[in-house]
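Report on one structure; see the data block that follows.
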Amino acid sequence: MTKSAKQPLFTYAKDWHNNACINGFYADHYAYSEGYRQAADLLIAHIAESHSSQDTLVYPIVFLYRHHVELMLKKIISTALDLVDLPERYKQKTDNHNFNTLWPMARSLVMDIDKTFPKDNYATLDAVVKAFIESDARATAFRYARNNSGQPSLAGMQYINTRHFGEMMSKASYELDCMDSHLLHLRGLQNEQRADWGY
């Protein structure tokens, strides 16, 4: 039997429409966070159209959207730390998956930078994050069937309506985008001011 040549796992091929550009057209943070969001939306749409697979696809759907929120929060924190007057006051651990750390820090930074930022602008996001904190604060419950103690990760939870979940997450994602865009606008103004003042 002829030994086949080894094929690399990550490679380019002739069917160009299937070649994903890595480190290509999008900023890295956008490509990652938007990719997870799009993947979740595609799976939700598949369930809606096929009326099937909801009992298995629900786990990657929730994880994908949760990770989208996590990446956006970390981006917001990073941008906000460039804008806030005393960033050292916010030197908390942000290299984890814990929404109990990330969301309060992001929210505090935004309000510190712009006290006029309306709370209504993140009402759905706040509710979504609280729900995740209650069920999956550390991003493990929808990745592993059992926790470190051997207990079911989602004990007591019976149903998740993927349509409703997708609608809620879409609103929360929009609020994250608005928060992110607002900070980027403020940073642009700050950069213009620094350029005008020569520093």
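Yes or no, residue by residue, for (1) under 30 Å from residue 89 (Cα atoms); (2) touching a residue at least 24 places away in the same chain (Cβ under 8 Å); (3) charged (D, E, K, R); (4) crowded, with 16+ Cβ neighbours inside 10 Å:
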| site | (1), (2), (3), (4) |
| --- | --- |
| 111 | yes, no, no, no |
| 118 | yes, no, no, no |
| 122 | yes, yes, no, yes |
| 155 | no, no, no, no |
| 167 | no, no, yes, no |
* Asked: Which members of the stretch 28-45 meet the condition of being surrounded by fewer than 16 Cβ atoms within 10 Å (Cβ to Cβ) and more than 15 Å from the chain's Cα centre (by Cα)?
  -> 42, 45
* Asked: Quick check, is residue 181 within 29 Å of residue 50 (Cβ to Cβ), surrounded by 10 or more Cβ atoms within 10 Å (Cβ to Cβ) and among the hydroxyl-bearing types (Ser, Thr, Tyr)?
  -> no
* Asked: Quick one: would you say residue 9 is within 27 Å of residue 188 (Cβ to Cβ), surrounded by fewer than 13 Cβ atoms within 10 Å (Cβ to Cβ), out of contact with any helix residue (DSSP H, G or I) (no Cβ under 8 Å at 6 or more places or on another chain) and not charged (D, E, K, R)?
  -> no
* Structure fact -> How many residues of the stretch 52-111 are of a type outside the set (A, V, I, L, M, F, W, C), over 27 Å from residue 190 (Cα atoms) and at pLDDT 95 or above? The answer is 11
* Residue count, the stretch 88-109 (criterion: surrounded by 13 or more Cβ atoms within 10 Å (Cβ to Cβ) and either without any contact (Cβ under 8 Å) to a residue 12 or more places away in the chain or β-branched (Val, Ile, Thr) (or both)) -> 2
* Restricting attention to the stretch 126-146, and to residues there that are part of a loop (DSSP other than H, G, I, E, B) and of a type outside the set (Gly, Ala, Ser), which single residue is farthest from residue 65 (Cα to Cα)? -> 144
* Residue count, the stretch 13-67 (criterion: closer than 30 Å to residue 78 by Cα, of a type outside the set (A, V, I, L, M, F, W, C) and either touching a residue at least 24 places away in the same chain (Cβ under 8 Å) or not in a loop (DSSP other than H, G, I, E, B) (or both)) -> 16
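The values are calculated or read from the model by the stated rules, or taken from the named source; none is laboratory data. Remember, it's a predicted structure, so these values are computed and weren't measured experimentally. Backbone-built Cβ (ideal geometry, glycine too); neighbour counts: all protein chains shown.
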